[in-house]
Amino acid sequence: MSQWTEFSYRYDGSYAGFLTCVFESYARRELPEQFSTAEDPRVSLWPERAVETDREKAGRVYRSLSRRISRQAQELVTQGFLTCMPDKELRLYEFLRLGYRVGPAVVRDLADPRTAAVWKAVRHLANEAHLLKGFLRFSDQGGVLVGEIAPKNRVLPLLRPHFCARYSGETFVIYDQTHREALFYRPRQWAILPLEDFQAGAPDRAERDYRRLWRRFYDTVAIQGRENPRCRMTQMPKRYWSTMTEFQEEPEEGEKFLPERK
């Protein structure tokens, strides 16, 4: 390890860009101690190298994950990149170095903190995606179903198969407010694209009526004598409420949603 030079890598923030960093690290015998992007600039204590994304190099690294480690490790790294794990690139790079050295056993070695950190982050990602399959609320905007979410992780790739199968005959958009990207779908076609700003249109009268009916149903099925706010926030965490119809006050025509209901 003493023959490897410590560097700080700056890249474009994409998965292909990260895999290119892994390729350059081995090709140049450089040990990344920090990763930074334009959206997350950092002061570096090490020499800095700007790494341009090269999809051919990224593809070679991606294929090596299944050949030299395992298909499970390949999937784990891919999903790990979608997580909100602190210093995720560094944690994933450490996991990869370990995997290249020990092979398929790396994914089972939960006693190693490098493996445990990645598994923990991926479980958090999967759990959040599972919750949003039930918490996502759509509105009809001129024949297009529109939903907004504010997740901690980049869950759209995990939500895509579920909603594209469930609403295969519909046209819909799911906007991720946190990561400023959206899933666009129409029958047999889909894309996840960056979207800096998204403003849903004002609901028409029919849509407002449906929202009122949903809130009335939600309030009606509640049993006041068994109300347990702590339990509700455990099963339905409060950070999801801002995009859920049942916790919003209906705006007047032409206005946006008012703050959440208590």
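The values are calculated or read from the model by the stated rules, or taken from the named source; none is laboratory data. Owing to the predicted nature of the structure, the values given are computational and were not obtained by experimental measurement. Cβ atoms come from the backbone with ideal geometry, glycine included; neighbour counts cover every protein chain shown.
Would you confirm, using the coordinates I've provided, whether E52 is of a type in the set (D, E), surrounded by fewer than 19 Cβ atoms within 10 Å (Cβ to Cβ) and outside any helix (DSSP H, G or I)?
yes
Given the conditions (1) outside any loop (DSSP other than H, G, I, E, B); (2) touching a residue at least 40 places away in the same chain (Cβ under 8 Å); (3) under 18 Å from the mean Cα position of the chain (by Cα), which single one is not true for L82?
Result: L82 passes all but (1).
Which of the residues spanning segment 191-210 are hydrophobic (A, V, I, L, M, F, W, C) and more than 13 Å from V146 (Cβ to Cβ)?
Result: A191, I192, L193, A206.
When only residues in segment 195-237 that are over 28 Å from the mean Cα position of the chain (by Cα) and of a type in the set (S, T, N, Q) count, which is surrounded by the most Cβ atoms within 10 Å (Cβ to Cβ)?
Going through the qualifying residues, I end up with N228.
Is it the case that D197 is modelled with pLDDT under 90, of a type outside the set (V, I, T) and out of contact with any strand residue (DSSP E or B) (no Cβ under 8 Å at 6 or more places or on another chain)?
When the stated conditions are applied, D197 passes them.
Anything in segment 85-113 that is of a type in the set (K, R) and part of a loop (DSSP other than H, G, I, E, B)? List them, or say none.
Answer for segment 85-113, where residues must be of a type in the set (K, R) and part of a loop (DSSP other than H, G, I, E, B): there is none.
Among residues belonging to segment 102-127 that are touching a Phe, Trp or Tyr at 6+ places or on another chain (Cβ under 8 Å) and closer than 13 Å to R91 by Cβ, point out the one that is surrounded by the most Cβ atoms within 10 Å (Cβ to Cβ).
If we take residues in segment 102-127 being touching a Phe, Trp or Tyr at 6+ places or on another chain (Cβ under 8 Å) and closer than 13 Å to R91 by Cβ, then V118 is surrounded by the most Cβ atoms within 10 Å (Cβ to Cβ).
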